[in-house]
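Enquirer: Sharing a structure here in structure tokens format.
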Amino acid sequence: MDSQNITNTNTEAKMLLSHAKTFRLHTGNLVNRSRLKKKCPGSPSEELRDCIQASLSNWISTTKLSSKDLTDTLEFSIPEATDAITPEEREELKVSVKLFLRESGQSSIKDAVEMACQTLAVSQLDSVIIAPPGPSDGDSQSLAHLQPVWEELEALVRSKQIAAIGTSDLDKDLLEQLYKWAQIKPSSNQVNLASCCVMPPDLTAFAKEFDIQLLTHNDTKELISADTFQEAVRAGAQDLNIGDWRLEWVLRYNVIVKSRGIIKSKGYLVSAKKTST
């Protein structure tokens, strides 16, 4: 691309980003992308940061932009990097999702699930694990804090957009409270082994009694900080002055071949809102 075309592309990209109030980003299938790269990300946080920066940069350089396309919601995606699931292969695959919420809002959960279904060309996600935003003012997580989030997940199960729902980083007491209160029970609970090298015995016993699957993860409590997100957006936008953006949610999906237990595709969906111009 010559310098004149680069200048035109940057001007149009800045115009679109400056006009938009929301952006939705899809990284494409990282399994394919990682085969082309020798370096493996050191952590999920590093992977997400690199993906946001690379996806935005690729979108600017490969998409035919036009000021006629001004819209309040801008979608960054690379279609050829996305592996949509065909009806013929759907039964052979399991679609698992973890949703990281940065702020409370039941509409965010519905938006994220619908975007995942649309992106992967499926009508239902097999499992969704929720990582709700932390309580404000340093309070500990409580059932009251979880209830609005769980009610929205239950509604999506009833509408058949999700088959099973799970939690993340709940101790035995809070998991038990949620289980007793919930109409649709949690099928799983993720535990971060960085904070406890061995599964707590009381949690293990409770999960076994009520058939809740205990899973492990290595996600940090804050998958990506506000500052790191802002830096990734600015770097991906090639230092264009596009204002500040507030991260709403991050959804990570894995598509697994059931018979072989291997990951066929993996990616992130990201939603952010503009906070300033």
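Enquirer: Here is a list: 221, 180. Which entry is at pLDDT below 90 and of a type in the set (Lys, Arg)? Step through it out loud before you land on a result.
Expert: Working: 180 fails: at pLDDT below 90.
Answer to the selection: 221.
Enquirer: Go through segment 92-113 and give me each residue that's closer than 21 Å to residue 187 by Cα, within 16 Å of the chain's Cα centre (by Cα) and at pLDDT 85 or above.
Expert: 95, 96, 97, 98, 99, 100, 101, 109, 110, 112, 113, listed by residue number.
Enquirer: Let me ask something else. In segment 114-125, which residues are more than 11 Å from the chain's Cα centre (by Cα), assigned to a helix (DSSP H, G or I) and within 17 Å of residue 29 (Cα to Cα)? Let's see the steps before the verdict.
Expert: Kept after step one, since they are more than 11 Å from the chain's Cα centre (by Cα), are these residues of segment 114-125: 114, 117-125.
Filter again for assigned to a helix (DSSP H, G or I), leaving 114, 117-120.
Across segment 114-125, the qualifying residues are 117, 118, 119, 120.
Enquirer: Before we move on, is residue 225 without any contact (Cβ under 8 Å) to a residue 12 or more places away in the chain and over 23 Å from residue 116 (Cβ atoms)?
Expert: Against the criterion (without any contact (Cβ under 8 Å) to a residue 12 or more places away in the chain and over 23 Å from residue 116 (Cβ atoms)), residue 225 qualifies.
Enquirer: I've got another one for you. Considering segment 170-191 alone, what residues qualify as being open to solvent by less than 30 Å² (accessible area, probe 1.4 Å) and polar (S, T, N, Q)?
Expert: 188, 189, 190
Enquirer: Another question about this same structure. Given (1) outside any helix (DSSP H, G or I); (2) closer than 23 Å to residue 200 by Cβ; (3) open to solvent by 40 Å² or more (accessible area, probe 1.4 Å), identify the lone condition not met by residue 167.
Expert: (3)
Listed here are the residues, each with its yes/no results for (1) of a type in the set (A, V, I, L, M, F, W, C); (2) farther than 27 Å from residue 265 by Cα; (3) touching a Pro at 6+ places or on another chain (Cβ under 7 Å).
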| residue | (1), (2), (3) |
| --- | --- |
| 94 | no, no, no |
| 97 | yes, no, no |
| 125 | yes, no, no |
| 144 | yes, yes, no |
| 151 | no, yes, no |
| 157 | yes, no, no |
| 165 | yes, no, yes |
| 170 | yes, yes, no |
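Enquirer: For segment 206-237, enumerate the residues that are open to solvent by 100 Å² or more (accessible area, probe 1.4 Å) and within 16 Å of residue 51 (Cα to Cα).
Expert: Those that are open to solvent by 100 Å² or more (accessible area, probe 1.4 Å) and within 16 Å of residue 51 (Cα to Cα): 227, 231, 234.
The values are calculated or read from the model by the stated rules, or taken from the named source; none is laboratory data. This is a predicted model, so every value here is computed, not measured. Please note: Cβ atoms are built from the backbone with ideal geometry, for glycine as well, and neighbour counts cover all protein chains shown. Heads up: the accessible areas ignore ligands, DNA and RNA and are worked out on the full protein's heavy atoms, side chains in. Shrake-Rupley method; radii C 1.70, N 1.55, O 1.52, S 1.80 Å.
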